[in-house]
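Report on the structure given below.
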């Protein structure tokens, strides 16, 4: 068999392999696009109909607003009768404060669990893993009693403390995987140069920045979108979050469909924007963290 005979089947088979791979990629991309349409379709329909009149909503729910059907009265009624600006401020305060505390405490705890070789470390790590598996809503009654004893019921501080405690187990578990990838030679060299533990921690911190972004993102979305604890711990009008405010609008404007859809849009748009902005850090941080 000559060299030409050996190379010929490979040359003939190459286009088939390339074509097969292209077809597979087309199928995969078509499936992904279909899932995106299914996920974003309802949100698009809600936003679209929030700018139309009630007859236009029922007459053509999938039609774009026209000069005759375009209407902003739903947003005007929601903003005039509700407290949406206050709700947004409360949600921002609670979310940013909880995420900041979660990042700080989980990073310090994860560094200590990875760095210090003591017998209790495996039990503490298992304790955080159990905290990931158990839903915090099971402890609602003890949480309420604790907040009453502390005198912080119906305050934003109660939400911040609960959300921080809820987010720390997963954050610690995730950050431990990142600190394990920091070269031990780097930390030993820093200690030999006279660096204390805090300075060594600051040297290792830049190497786990993707983990910090992942922790911030994975903590931020559930906190912003939560309804249970704002309804239980901070139901007062002055401390309502966006999600709780939208839920009350659903009952208040049950027959006023433009206002109802406007309230849903105002509640969903910030969450969509936050995930759009931080989705890359979220996916990169989780994939790198769980893959290490």
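Each value in this text was obtained by applying a stated rule to the coordinates, not by laboratory testing. Here the structure is a predicted model, which is why all the values come from computation and not from measurement. Backbone-built Cβ (ideal geometry, glycine too); neighbour counts: all protein chains shown.
Key figures for this structure:
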read-out: Ascending count of other beta-carbon atoms within 10 Å, so fewest first, for 249, 105, 44; value: 44, 105, 249
read-out: Which of 188, 115 has the fewest Cβ neighbours within 10 Å, and the rest in rising order; value: 188, 115
read-out: Relative contact order [Cα under 8 Å, 6+ residues apart], segment 84-290, whole percent; value: 32 percent
read-out: Förster radius 25 Å - calculated FRET efficiency between residue 197 and residue 126, Cβ distance, rounded to 0.05; value: 0.55
read-out: Percent of C-alpha pairs per 10 Å bin, segment 128-236, short to long; value: 13, 33, 26, 19, 9, 1
read-out: Cα gyration tensor shape of the chain, rounded if a/c is under 1.5, else prolate or oblate by comparing a/b with b/c; value: oblate
read-out: Sorted by Cβ neighbour density within 10 Å, fewest at the top, the residues 175, 192; value: 192, 175
read-out: Potential extension, residue 116-residue 88 segment - 0.36 nm per residue separation minus Cα distance; value: 5.9 nm
read-out: Size descriptor, Kirkwood hydrodynamic radius, that averages inverse alpha-carbon separations across segment 43-145, Å; value: 18.9 Å
